[in-house]
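Sharing a structure below in structure tokens format, with a few things to ask.
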Amino acid sequence: MKMKFQIIIEYDGNRVVEELGCLQRGDLLPESLDITLREGKELLANVQKSMVEYQIEEYIHHQSRCPSCHTRYSLKEMKKITFRTLFGKMELQSPRFRTYTCQPQAKKSFSPLSERLPERTAPEFLFLQSKWSSLMSYGLSVDLLNEVLPLDVGKASVFMNTHKIAERIEAELGDENVVYIEGCQRDWEKLPRPDPPLTVGIDGGYVRARDGEYRKAGNFEVIVGKSIQEEGETGVNPNSGRFMHPEHTGSFF
């Protein structure tokens, strides 16, 4: 039995049919009943290749004319840009057009694709790298990504992307709160005391620290606590931390 896979792309009144792959099966066996991992990776990579090529072609077509005078831009040069996705690395044709003087222009030329894709890695790919590397080592994350997806990603790339995401998330958090309870001691004393029983829980753990390339920067101790009434959680969650360095000891709250 022979099975052919096709993709049908419709855009601007056009209809294109492309062959993606062909699978052949003989006798019914457990190992040939479904699609193998290798076949699935090849099909996904082929689907993406055809899909992205027409996406880029349509976008460049709509960006190739001046929005003011509708004159087609002249081509200055053609380059390739690399865009990394979950289903492989894409080499995209990126033209640079000369601008017209019908309207004041800040630049004499522009590259619509480069401007549209300033980050050369797909957001979902960055998400998966940072998620898996937060749960396991960089090496295991790379092995898993390369095994289940049509990829050839390196450990250094996953490391840099994960740290880039972490820095962006850290910046979005803003300034660190020292105290998470609003008000002052006088206001707190006016609050009614909770009825017993009241359970107070405290726990802690250690997170390995790292200072640049120095891998033995000590450990960071995290202590958390909460108060719980019999009918449910009501209290606050104060937390504190302590950083212990081989050469000195300090604390902050």
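Failed condition for residue 10, given (1) touching a residue at least 24 places away in the same chain (Cβ under 8 Å); (2) more than 30 Å from residue 103 (Cβ to Cβ), with all others met?
Tallying (1) touching a residue at least 24 places away in the same chain (Cβ under 8 Å); (2) more than 30 Å from residue 103 (Cβ to Cβ), residue 10 fails exactly one: (1).
Working carefully through the options 142, 179, find the one that is of a type in the set (Val, Ile, Thr), more than 14 Å from residue 89 (Cβ to Cβ) and at pLDDT 90 or above.
One residue alone meets the criteria, 142.
Taking the condition of being loosely packed, with under 10 Cβ neighbours inside 10 Å and in contact with a strand residue (DSSP E or B) (Cβ under 9 Å, 6 or more places away or on another chain), how many residues in segment 23-45 meet it?
1
Taking the options 94, 68, name whichever one is farther than 21 Å from residue 162 by Cα and modelled with pLDDT of 90 or more.
Testing whether each residue is farther than 21 Å from residue 162 by Cα and modelled with pLDDT of 90 or more leaves just 94.
Right, here's the next one. Residue 113 versus (1) in contact with a strand residue (DSSP E or B) (Cβ under 6 Å, 6 or more places away or on another chain); (2) farther than 30 Å from residue 41 by Cβ; (3) modelled with pLDDT of 90 or more: which is the lone unmet condition?
(2)
Further question: Restricting to segment 52-63, what's the tally of residues that are at pLDDT 90 or above and either in contact with a strand residue (DSSP E or B) (Cβ under 7 Å, 6 or more places away or on another chain) or not assigned by TED's automatic domain parsing to the domain that holds residue 9 (or both)?
3
Just checking, which of 73, 59, 54 is within 30 Å of residue 99 (Cα to Cα) and more than 29 Å from the chain's Cα centre (by Cα)? Walk me through how you get there before you give the answer.
Details: 59 fails: more than 29 Å from the chain's Cα centre (by Cα); 54 fails: more than 29 Å from the chain's Cα centre (by Cα).
When all the criteria are applied, what remains is 73.
I'd like the full set of residues that are loosely packed, with under 10 Cβ neighbours inside 10 Å, at pLDDT below 85 and assigned to a strand (DSSP E or B), limited to segment 8-22.
Within segment 8-22, just 14 meets the criteria.
So, in segment 1-47, how many residues would count as being among the acidic types (Asp, Glu) and within 21 Å of residue 85 (Cβ to Cβ)?
Residues of segment 1-47 that are among the acidic types (Asp, Glu), as a first pass: 10, 12, 18-19, 27, 31, 34, 39, 42.
Among the residues that remain, those that are also within 21 Å of residue 85 (Cβ to Cβ) are: 18, 39, 42.
Qualifying residue count for the region: 3.
Can you pull out every residue in segment 62-76 that is within 30 Å of residue 126 (Cα to Cα) and in contact (Cβ under 8 Å) with a residue 12 or more places away in the chain?
So in segment 62-76, the residues within 30 Å of residue 126 (Cα to Cα) come out as 62-63.
Correct list: 63 only.
Look at residue 76 and say whether it is at pLDDT 90 or above, within 30 Å of residue 114 (Cβ to Cβ), in contact with an Asp or Glu (Cβ under 7 Å, 6 or more places away or on another chain) and part of a strand (DSSP E or B). It would help to see each step written out before you state the result.
Values: at pLDDT 90 or above: yes; within 30 Å of residue 114 (Cβ to Cβ): yes; in contact with an Asp or Glu (Cβ under 7 Å, 6 or more places away or on another chain): no; part of a strand (DSSP E or B): yes.
No: the conditions fail for residue 76.
The values are calculated or read from the model by the stated rules, or taken from the named source; none is laboratory data. For clarity, every value in this text was computed on a predicted model and none was experimentally measured. Methodologically, a virtual Cβ is constructed for each residue, glycine included, from the backbone with ideal geometry; neighbour enumeration extends over all protein chains shown.
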